[in-house]
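Take a look at the structure set out below.
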Amino acid sequence: MNEVVMQLMKHRSVRAFEQTPVPEEQLREIVAAGQMASTSSNVQAYSVIAVTDTALKHELSVLTGRQAYVESCPVFLVWCADLNRLAQAASSHLLDGEQTYADSAESFVVATVDAALAAQNAAIAAESMGYGICYIGGIRNRIGEVTSLLRIPRLVYPVFGMCIGIPSASSGQRPRLPVDAVLHRDVYEPGRTFATIGAYDDTMVRYLRSRTEGRKSTPWSKIMAEWLTRPNRLQLMEFLQGRGLLRR
Ligand SMILES: Cc1cc2nc3c(=O)[nH]c(=O)nc-3n(C[C@H](O)[C@H](O)[C@H](O)COP(=O)(O)O)c2cc1C
């Protein structure tokens, strides 16, 4: 393995942080590394809000479902899909009343993927500097309140948050599905994927038992059944449409 792959293979989410701030120069370097991710048609349809203000982080930790590390991390990045900047940039070139497709499902996917690619590049950059990170999808729990709190304009939505800071405790590494579960050859092979699930259930049961002194031992497939049958953030579609996104 080369150094980059070794860095990637060391990833684990970090949920306990030292209070040491992330220096401005390093924060800018992390975001600049994020910006070098590939981006669909060079649209760069994302923005990131770096939250360091203690009161704001406190409010965000409440809004994300009382996730204490949102408050305790020195910097909390809110990664947003941003079609607003594009609309602004294009406006002087549009004819009077000319319609745009900022509200299409395709534009939504482009902006969301762009935000995720930039965020993941930034995450790797941060980890390579010795920081730990944790993505926070909980930012979408009360997305309307987060949007007001951070003054996020129309055509922009917060995709996820990201805690960054120096880890204050070592955390275990969560095993992944075997490569054979996700890697298909030439065509999609459902039988081959299915065959790997039993073994992964066993791996995850062992992992959970060791992490919780035997208190948790639910197989991964059962956790996925619970996840799939839970109505999660069903208000999102209406919210996004209200912000001018995902209308056709
Ligand atoms: C988009 C996204 C949202 C996530 N949201 C949360 C979250 O709200 N809270 C949390 O503690 N972890 C969150 N995570 C972290 C995942 O739980 C974690 O990445 C996964 O369980 C694998 O563990 P690992 O990152 O330690 O390898 C999120 C991860 C992603 C990619």
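Per-structure values
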| quantity | calculated |
| --- | --- |
| Backbone HN-Hα couplings from phi across region 176-188 [Karplus 6.51/-1.76/1.60, Hz, Gly and Pro as x] | 9, 3, x, 3, 4, 6, 10, 9, 9, 10, 6, 9, 6 |
| Computed Rg/Rh of region 93-185, alpha carbon atoms with Kirkwood Rh | 1.08 |
| Net charge dipole size for the chain [Lys, Arg +1 and Asp, Glu -1 on Cβ; Debye, nearest 20] | 920 debye |
| Cα-derived Rg over Rh, computed across region 54-131 with Rh taken as Kirkwood radius | 1.12 |
| Most fluctuating residue given options Pro175, Pro190, Pro167, as computed from a GNM of the chain linking Cα atoms under 10 Å | Pro190 |
| The chain, accessible surface, carbon-and-sulfur percent (1.4 angstrom probe) | 55 percent |
| Low-density loop cleavage sites - trypsin sites (Lys or Arg not before Pro) in region 128-184, where at most 15 other Cβ are within 10 Å (DSSP) | Arg151, Arg154, Arg176 |
| Surrounding net charge for Val146, when Lys and Arg each add one and Asp and Glu each subtract one, Cβ distance under 11 Å | +1 |
| Dimensions (Å) - the chain, Cα atoms, principal axes, largest first | 63, 48, 39 |
| Of Ala116, Met162, Gly191, farthest towards positive along the dipole that unit charges on Lys, Arg, Asp, Glu beta carbons give the chain | Gly191 |
| For Gly132, distant residues with modelled amide H under 5 Å away | Gly165, Ile166 |
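The values are calculated or read from the model by the stated rules, or taken from the named source; none is laboratory data. Just so we're clear, the structure is a prediction, and the values are computed from it rather than from any experiment. Neighbour counts are summed over all protein chains in view; Cβ atoms, including those assigned to glycine, are modelled from backbone coordinates with ideal geometry. Quick note on the areas: whole protein, heavy atoms, side chains included, nothing else; ligands and nucleic acids left out. Shrake-Rupley method; radii C 1.70, N 1.55, O 1.52, S 1.80 Å.
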